[in-house]
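These notes concern the structure reproduced below.
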Amino acid sequence: MVRTACNPERPVPLLHMHSKLNTNVPCRGGYGSGISGAYFPPLDSVFSVWSSNDGCTALTIVSNNGYTLQK
């Protein structure tokens, strides 16, 4: 679990692969079924923060197997 803010000095590329069947870190957010039982924000929110931090202004919608994300 990350406990400190990430403040890179330059834009950071991000590659994320995630199964929508993953119940330890749910794609749509919520409490994971893993040992920690921690809450995870929805992945589209996480990607929006990364995009904003990297200075990206255009959002593109990507849909795969019925799940839609912004990138």
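Please give the contour-minus-distance gain from MET17 to SER36: 0.36 nm per residue of separation, less the Cα-Cα distance, rounded to one decimal in nm. Extra length available between MET17 and SER36 comes to 4.7 nm. Remark: spin-label model distance ARG10-CYS56 equals 1.8 nm, labels positioned 7 Å along the Cα→Cβ axis.
Per-residue Karplus couplings for the stretch 36-49, computed as 6.51 cos²θ - 1.76 cosθ + 1.60 with θ equal to phi - 60°, are listed in order as 6, x, 6, 7, 10, x, x, 4, 5, 5, 4, 5, 5, 5 Hz, Gly and Pro entered as x. Here the 3J(HN,Hα) profile of the stretch 14-28, calculated from phi with Karplus coefficients 6.51, -1.76 and 1.60 at θ = phi - 60°, is 9, 10, 10, 10, 7, 7, 5, 8, 5, 9, 6, 9, x, 4, 8 Hz, Gly and Pro shown as x.
Taken together, the values in this text are just the output of simple stated rules run on the coordinates, not laboratory data. The structure presented is a predicted model; accordingly, all values stated were derived computationally and were not measured. Note that we place each Cβ from the backbone using ideal geometry, even for glycine, and neighbour counts take in every protein chain shown.
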